[in-house]
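The values are calculated or read from the model by the stated rules, or taken from the named source; none is laboratory data. Model, not experiment: these values are computed from the prediction. Backbone-built Cβ (ideal geometry, glycine too); neighbour counts: all protein chains shown. For accessibility, only protein heavy atoms count, side chains too; no ligands or nucleic acids. Shrake-Rupley method; radii C 1.70, N 1.55, O 1.52, S 1.80 Å.
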Amino acid sequence: MKAVLAPSIVALALTIAATAAAPKALPSTKSPTVAGFWQETDDQGNPGAWFYFTEVDGRYEGRIVKMFPKPGEPKHDACTACTGDQKNAPMLGLTIIKGMHRNGLKYENGTILDPRNGDVYQAQMELSPDGQQLGVRGYLAIPLLGQTQTWTRLPDDVIPKDEIPEPSVSPDQ
């Protein structure tokens, strides 16, 4: 009886080993990224702007690609309060979020520009697990001293690729 069991056990062990070593077709577990289009809204749910995020040299940045000025508010076509290569740069295409390092669903160690006054704040972001909500927090010194907005993902085709504003720079550059 030992002679009959031994080959069966060896065959079973070889089958298990071969199955374990074989490449497996697993469903994609890749977590979503911030890349793509996002909408910022005010407290009443009115859109303020659309942003487009891309990965540049391993870091993520977001630029304004569409604005929704409120009736009666002054229209800002250029970032007159900005400094450096963004001084007087067109608002459409203005990169306001820079240098975000991805750590899973969190993005850290970046900055966010307030184009209304040219102030630059430290920033962090957190993407919801389903990739549809983005918490954007600008702060002074420590995250506790800041404000978070929740942005909503837009479809990838909300603006045709050839109509996405390029990153803007100062006309003086």
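Contact map, the stretch 20-45: first residue modelled with pLDDT under 90, second residue in a loop (DSSP other than H, G, I, E, B), Cβ cut-off under 7 Å, separation 6 or more or different chains; pairs are SER31/GLY104; SER31/LEU105. All conditions in (1) closer than 25 Å to PRO160 by Cα; (2) open to solvent by 60 Å² or more (accessible area, probe 1.4 Å); (3) assigned to a strand (DSSP E or B) hold for TYR60, with the sole exception of (2). Among the residues making up the stretch 69-103, those that are in contact with a Ser or Thr (Cβ under 9 Å, 6 or more places away or on another chain) and open to solvent by 40 Å² or more (accessible area, probe 1.4 Å) are GLY84, ASP85, LYS87, ASN88, PRO90, LEU92, LYS98, ARG102.
Residue by residue, here is whether (1) open to solvent by 70 Å² or more (accessible area, probe 1.4 Å); (2) farther than 16 Å from ARG63 by Cβ; (3) among the basic types (Lys, Arg) holds:
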site	(1), (2), (3)
LYS106	yes, yes, yes
TYR121	no, yes, no
MET125	no, no, no
VAL136	no, no, no
THR152	no, yes, no
ASP157	yes, yes, no
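Condition check for THR148 on (1) among the hydroxyl-bearing types (Ser, Thr, Tyr); (2) touching a Lys or Arg at 6+ places or on another chain (Cβ under 6 Å); (3) assigned to a loop (DSSP other than H, G, I, E, B): one failure, at (3). Residues being of a type in the set (S, T, N, Q), in a loop (DSSP other than H, G, I, E, B) and under 16 Å from ILE96 (Cα atoms) are represented in the stretch 111-131 by at least one member.
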